[in-house]
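Note sheet for the following structure.
The values are calculated or read from the model by the stated rules, or taken from the named source; none is laboratory data. Given the structure is predicted, the values throughout are model-derived calculations rather than measurements. Note that we place each Cβ from the backbone using ideal geometry, even for glycine, and neighbour counts take in every protein chain shown.
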Amino acid sequence: MNQPDPDRNASPQLPPRPAAPRPPALPQALSTQPYSDALMPQTNPWAIVSLCASLLGWCGLFGIGGLVGIIAGVAARNQILASYGTQTGEGLAIVGIILGAINVLFTCLVASCVLSAFRALLAGF
């Protein structure tokens, strides 16, 4: 009887491939962010308040928004300068101070014009 030889028809066996080496695992703290949030400078919240209040001063809170912007901006600049680089936002504070000062001056000018016109109107009666 003619039976096929199993060794003759079988494909040659190749040795198994070695597994690719894995890269070394990084510590969990380094794998997500290169720097901790504690090391990153934070924007001073009073600088943001200064800019927002000064912008609100131009949107209807005439005078009051400007005053809040000036006060918050000066406080923010003092805190930023005292933080030795751990806080940012000095530009926001400066813009808030400038916009607030212009707003207060503009509000005073408009108020004095309105009062003068009102006095002139009352003097005519």
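Descriptive notes on the structure:
- Some residue of the range 61-77 being in a helix (DSSP H, G or I), over 24 Å from the mean Cα position of the chain (by Cα), more than 27 Å from residue 39 (Cβ to Cβ) and hydrophobic (A, V, I, L, M, F, W, C): yes
- Checked against the criterion of being loosely packed, with under 10 Cβ neighbours inside 10 Å, part of a helix (DSSP H, G or I) and either at pLDDT 75 or above or under 28 Å from the mean Cα position of the chain (by Cα) (or both), the range 32-51 contains one or more residues that satisfy it.
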